[in-house]
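See below for the structure under consideration.
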Amino acid sequence: MSRDPHPMAPGLAAGITDDTIHTLVHAFYHRVRRDPDLAPVFDAAIDDWAPHLEKMCAFWSSVVLMTGRYKGTPMQTHAALPHIGAEHFTRWLELFRTTASEVCAPPAAALFIDRAERIAQSLQLGIALHRGESLVPELRAPTSGQ
């Protein structure tokens with residue numbers, strides 16, 4: 001489904017188009033599929049890459065162009081992955097930052113990176129809640145002698 005960008009979409013001011021999104025998504029996931037840390041996680045979850053790439057283009061279109069094309073549930077999808085951890089998000093962001101900086105003009109790269117960092121933080125917090133993990137480190141009173 002093709003929907004036009006919202007006139008107030010932040011991506012318009014940054015010069016982002018559907019072609020920009022396509023280029024970034026395909027270049028980024030090309031790297032993910034070859035990354036020794038991320039490839040096993042993605043390969044275990046994705047059987048057919050073509051629909052996934054299309055879905056990720058719709059996702060980023062919704063995020064930066066406010067098109068409403070994406071209709072998925074990313075929190076549920078990621079929370080269902082039993083072996084995903086902070087180290088995966090760290091690596092994901094490293095690859096994303098590098099790719100965005102290489103394939104996008106600086107204003108577009110900055111916007112994509114900002115949104116990716118926010119999304120990664122949100123997903124990590126949601127996964128922790130889903131797993132019943134503590135979101136803050138346990139505070140301990142100092143023991144005597146310290």
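For residues that are under 15 Å from the mean Cα position of the chain (by Cα) and β-branched (Val, Ile, Thr), scanning just the stretch 29-54, find the one that is nearest to Thr99 (Cα to Cα). Across the stretch 29-54, the extreme among qualifying residues is Val32.
Residues are listed down the side, and each one gets a yes or a no for (1) of a type in the set (Gly, Ala, Ser); (2) at pLDDT below 90; (3) more than 19 Å from the chain's Cα centre (by Cα); (4) part of a loop (DSSP other than H, G, I, E, B):
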position: Ser101; (1), (2), (3), (4): yes, no, no, no
position: Pro107; (1), (2), (3), (4): no, no, no, no
position: Phe112; (1), (2), (3), (4): no, no, no, no
position: Ala116; (1), (2), (3), (4): yes, no, no, no
position: Leu139; (1), (2), (3), (4): no, yes, yes, yes
position: Pro142; (1), (2), (3), (4): no, yes, yes, yes
position: Gln146; (1), (2), (3), (4): no, yes, yes, yes
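Residue count for the stretch 86-124 satisfying the condition of being loosely packed, with under 12 Cβ neighbours inside 10 Å and within 21 Å of Ala45 (Cα to Cα): 2. Of all the residues in the stretch 11-28, those that are in a helix (DSSP H, G or I), aliphatic (A, V, I, L, M) and closer than 16 Å to Phe96 by Cβ number 4. Cβ separations smaller than 7 Å between residues 6+ apart or across chains give the following pairs from the stretch 68-89 residues that are outside any helix (DSSP H, G or I) to residues that are surrounded by fewer than 14 Cβ atoms within 10 Å (Cβ to Cβ) and modelled with pLDDT under 80: Arg69/Met1. Residue count for the stretch 44-69 under the criterion of being touching a Lys or Arg at 6+ places or on another chain (Cβ under 7 Å) and surrounded by fewer than 17 Cβ atoms within 10 Å (Cβ to Cβ): the result is 1.
Of all the residues that make up the stretch 14-67, how many are free of Cβ contacts under 8 Å to residues at least 60 places away in the same chain and over 22 Å from Pro82 (Cβ atoms)? Result for the stretch 14-67: 21. Only residues that are under 25 Å from Leu125 (Cα atoms) and either of a type in the set (S, T, N, Q) or at pLDDT below 95 (or both) were counted in the stretch 53-67, giving 2.
Of the residues Asp35, Asp47, Asp4, which single one is out of contact with any strand residue (DSSP E or B) (no Cβ under 7 Å at 6 or more places or on another chain), within 30 Å of Ser134 (Cβ to Cβ), assigned to a loop (DSSP other than H, G, I, E, B) and not hydrophobic (A, V, I, L, M, F, W, C)? Don't jump to the end; show me each part of the working.
Numbers: Asp47 fails: within 30 Å of Ser134 (Cβ to Cβ); Asp4 fails: within 30 Å of Ser134 (Cβ to Cβ).
Of the residues listed, the single one that is out of contact with any strand residue (DSSP E or B) (no Cβ under 7 Å at 6 or more places or on another chain), within 30 Å of Ser134 (Cβ to Cβ), assigned to a loop (DSSP other than H, G, I, E, B) and not hydrophobic (A, V, I, L, M, F, W, C) is Asp35.
If only residues of the stretch 93-118 that are charged (D, E, K, R) and in contact (Cβ under 8 Å) with a residue 24 or more places away in the chain are counted, the one that is nearest to Met56 (Cα to Cα) is Arg115.
The values are calculated or read from the model by the stated rules, or taken from the named source; none is laboratory data. Not measured: the values here are computed from a predicted model. No Cβ is skipped: glycine too gets one built from the backbone with ideal geometry, and neighbour counts run over all protein chains shown.
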